[in-house]
Amino acid sequence: MSLRKILIQGDPALTKTCRPVEKFDQKLHWLLDDLKETLENAGGVGLAAPQIGILRRVVVVEDENEQMIELVNPVIVDQSGEQEGWEGCLSVPNQYGWVNRPNFVTVRAQDREGKFFEVSGEELVARCFCHELEHLDGHLFVEHTGELYTPDEIDAMEAEEEKGK
């Protein structure tokens, strides 16, 4: 396993559509392991292969129990409800936007051996599924928000809101 450099908005790899994984071999296992290690080191909750410059349909997402879910060739097969909240991205550092997402999402994917499975998540996990799968088609969360804010700006807005209560 090794840490990989996370690409930043503006890198052309982040705008490309990724190719499906066809070989479930040691190279894929290394990629999944590197994604997990890089994500843990960065302190995020999800990471997609194009964020480290690999144009393959591979994602890792941390679930509500802090367990890593490996998703190869993932597709959203069901979604329902609605949630709004702050969203950020390791490829758009220190910038957050208010984004509307489904509250419940089910994903069909393959594991590192190629076996198909489905996994569901709600709230933050559902948000992560949507966010990370969009990376596989060359999209960033900033396309869903009108304005970006720094953590200090968000803290100031939330403090102002508390004063008004």
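Nothing in this text is a laboratory measurement; each read-out follows from the coordinates by a stated rule. Keep in mind it's a predicted model, so treat the numbers as computed, not measured. Every residue, glycine among them, receives a Cβ derived from its backbone with ideal geometry; neighbour counts consider all protein chains shown.
Where the only charges are on Cβ atoms (+1 Lys, Arg; -1 Asp, Glu), what is the dipole of segment 4-47 about its Cα centre, to the nearest 20 debye?
In debye, rounded to 20, segment 4-47 gives about 180.
Could you calculate the contour length gain from PHE24 to LYS163, that is, 0.36 nm times the residue separation minus the distance between their Cα atoms, to one decimal place in nm?
44.6 nm
List the lysines whose alpha-carbon lies under 27 Å from that of LYS5, not counting same-chain residues fewer than 8 positions away?
Those lysines meeting the cut-off are LYS16, LYS23, LYS27, LYS36.
Reported to two decimal places, what Rg/Rh ratio describes the chain when computed on Cα atoms with Rh from the Kirkwood expression?
Dividing the radius of gyration by the Kirkwood radius yields 0.98.
Under the 0.36 nm per residue contour assumption, what length would be gained going from the current alpha-carbon distance of ASP11 and MET68 to full extension?
Between ASP11 and MET68, full extension yields 17.9 nm more.
Subtract the Cα-Cα distance of SER80 and TRP98 from 0.36 nm times their separation in residues, and report this length gain in nm to one decimal.
Length gained between SER80 and TRP98: 4.6 nm.
For a Förster distance of 22 Å, can you work out the FRET efficiency between the beta-carbons of ASP33 and PHE116, rounded to the nearest 0.05?
Result of the calculation: an efficiency of 0.55.
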